[in-house]
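To start, the structure itself, in structure tokens.
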Amino acid sequence: MKSAFFLLLMLSVPAWAQDAQRGKALYETHCLDCHYESIHKRNPSRSLIHSSAQLRVEVANRAALTKQRFTAEDLDDIAEYLNRSHYRLKK
């Protein structure tokens, strides 16, 4: 249920509002404490992420574990950064 809520929040942010540079800064500040960039470089056939929507849901789920207060825009920007830098999924 929580994932569906985050998905709805993230879908409300227009695609043009996504800022990959801002997402990179947020990722490096809040996400690298728990895991490293290498987690995103695993074999694509073993990845659980196969669409932009799945990536956004996973970012929201992981962000909730940090106990930080992220806005929908924050989460969208982090997902945009990860998509551009690692996943390269179609929108």
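Just so it is clear, none of the values below were taken in a lab; they were calculated from the coordinates. Values in this document were obtained by computation on a predicted structure and should not be read as measured data. Cβ atoms come from the backbone with ideal geometry, glycine included; neighbour counts cover every protein chain shown.
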Pseudo-spin-label distance Q68 to I39, built 7 Å along Cα→Cβ, given in nm, is 1.3 nm
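Can you give the extra length, in nm with one decimal, that the chain gains between S47 and R84 once fully stretched, where that is 0.36 nm per residue apart less the Cα-Cα distance?
On the way: separation 37, 0.36 × 37 = 13.32 nm, distance 1.60 nm.
Value of the extension gain: 11.7 nm.
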Sorted on mean Cβ neighbours within 10 Å (highest first), peptides 54-63, 71-80, 18-27 come out as 71-80, 54-63, 18-27
